[in-house]
Amino acid sequence: MEALASFKKEISSPKNIFITTHVKPDADALGSSLGMANYLKKKGHQVTVVTPTDYPSFLHWMEGNDLVLDFSKEEDQKLAKEALKKADMVICLDFSVLNRVNELGELIRKSDAYIVNIDHHQDPEDFADFRYWSTEAAATCELVYELIVKLGDRDLIDKDIAECLYAGILTDTGGFRHPNTTKNVHLVVAELIDLGANVSQISNWIYDSNSVNRLKFIGFAITRRLIIREDLHTAYFVISKKDLKKYQSRTGDTEGLVNYALSLDGIKLAALFSEREDGIKISFRSSVDVAVNKFAADYFNGGGHKNAAGGKSDQSLKDTIERFEKLVEEHQEDLFHENAVSAN
Ligand code: 5GP
Ligand code: MN
């Protein structure tokens, strides 16, 4: 409570505020960042939102998108560095360890600004002056909503802010299907609808804006790039650089693909390996009784939530897959044991 009072005091007079979120932002990352930015602008602050990389075009509808700086672009990076230098406050949303924002992480660590971390991931690193964090929350957007209410500013949440926040809750709960879909999620969403969020419009923007190439790519991946190991309760996609090029893949085109592997009857562990410029990016998903965050952290330099995590590999695609299969074989007992549990 004391910490909240200190944050409240910090934002009680106009400040220069720098907001950032994790690499390849998803709807929760961008929605919480822009929701927070739009709120703080209404309170009279100067706000700059910086993402470490680009993000999918199906998120471009969010209010404030046009002013977001992409740190991976040379011209934006210069402006972002100036904004960070001037910042009185840095707000880090939807990530809990500074290596999730690439080089920006070390710049934030060195900054003299008041650092805020709002997040729902496991094992947070201790880098913030004020942390608003709960792994019970389905989405960072849920926490941002609660924080604004606790600050006594519910009235400042307009349609644009409500829609940014709704988007993050919608996607981080997998469309209200994942086990993180709590009573509180529905209560918060009810409030956001009351505040003007147009839910069918948002679903349409997020889920029904495929390019023909993307749909064909998904068809290709399911028919040609899905490996099913029923004996290991495991199914995974292997997508090469060449595949991505062939379907002119754009940022966000592989999003959700891993869920097709998990949707198979009897499959408890699903993965997606995609070969990127900077190595192999891995997404893990699991059924309720299997924990993938620890597996991702222990073997693939990653982390995340119990049933949705990610990681990376510097080995070749082939070597990464071989290693993955071997690890699953070796750790079957821990992974698929009936009573297998891990800290949520
Ligand atoms: P996705 O598979 O959608 O990229 O990520 C699933 C979840 O795992 C998200 O909550 C995301 O923040 C987390 N995650 C993905 N990649 C990494 C990673 O490399 N490191 C950590 N710590 N978390 C990750
Ligand atoms: Mn999130």
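The values are calculated or read from the model by the stated rules, or taken from the named source; none is laboratory data. Treat the numbers as computed from the prediction; the structure is a model and nothing was measured. Here the Cβ positions follow ideal geometry from the backbone for every residue, glycine too, while neighbour counts run over all protein chains shown.
When region 232-273 is filtered for residues that are in contact with a Phe, Trp or Tyr (Cβ under 9 Å, 6 or more places away or on another chain) and in a helix (DSSP H, G or I), the ones remaining, listed by number, are Leu232, Asp243, Leu244, Lys246, Leu257, Val258, Tyr260, Ala261. Take Ala5 and decide whether it is in contact with a Phe, Trp or Tyr (Cβ under 8 Å, 6 or more places away or on another chain), at pLDDT 95 or above and aliphatic (A, V, I, L, M). When the stated conditions are applied, Ala5 does not pass them. Screening Glu82 with (1) of a type outside the set (S, T, N, Q); (2) in contact (Cβ under 8 Å) with a residue 12 or more places away in the chain; (3) assigned to a helix (DSSP H, G or I) gives one miss only, at (2). Within region 112-170, being of a type in the set (Gly, Ala, Ser) and farther than 22 Å from Ala190 by Cα holds for Ala113, Ala128.
Contact annotation: residue pairs with Cβ atoms under 6 Å, 6 or more positions apart or on different chains, pairing a residue in region 284-303 that is hydroxyl-bearing (Ser, Thr, Tyr) with a partner that is within 16 Å of ligand 2 (Cβ to nearest atom), are Ser286/Val292; Ser286/Asn307. Tell me, please, whether a residue that is in contact with a Lys or Arg (Cβ under 8 Å, 6 or more places away or on another chain), assigned to a helix (DSSP H, G or I) and over 27 Å from Ser209 (Cα atoms) can be found in region 56-79. No, every residue in region 56-79 fails to be in contact with a Lys or Arg (Cβ under 8 Å, 6 or more places away or on another chain), assigned to a helix (DSSP H, G or I) and over 27 Å from Ser209 (Cα atoms). Considering region 92-110, the residues that are farther than 16 Å from Asp70 by Cα and within 16 Å of ligand 2 (Cβ to nearest atom) include one that is surrounded by the fewest Cβ atoms within 10 Å (Cβ to Cβ), namely Val97. Restricting region 258-273 to residues that are surrounded by 16 or more Cβ atoms within 10 Å (Cβ to Cβ) and more than 10 Å from ligand 1 (Cβ to nearest atom), which is farthest from Phe95 (Cα to Cα)? Of everything passing the filter in region 258-273, Ile267 is farthest from Phe95 (Cα to Cα).
Results for (1) crowded, with 16+ Cβ neighbours inside 10 Å; (2) modelled with pLDDT of 95 or more; (3) within 14 Å of ligand 1 (Cβ to nearest atom); (4) among the aliphatic types (A, V, I, L, M), shown as yes or no for each residue.
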| position | (1), (2), (3), (4) |
| --- | --- |
| Ala297 | yes, yes, yes, yes |
| Phe300 | yes, yes, yes, no |
| His305 | yes, no, yes, no |
| Ser313 | yes, yes, yes, no |
| Thr320 | yes, yes, yes, no |
| Arg323 | no, yes, no, no |
| Leu327 | no, yes, no, yes |
| Leu335 | yes, no, no, yes |
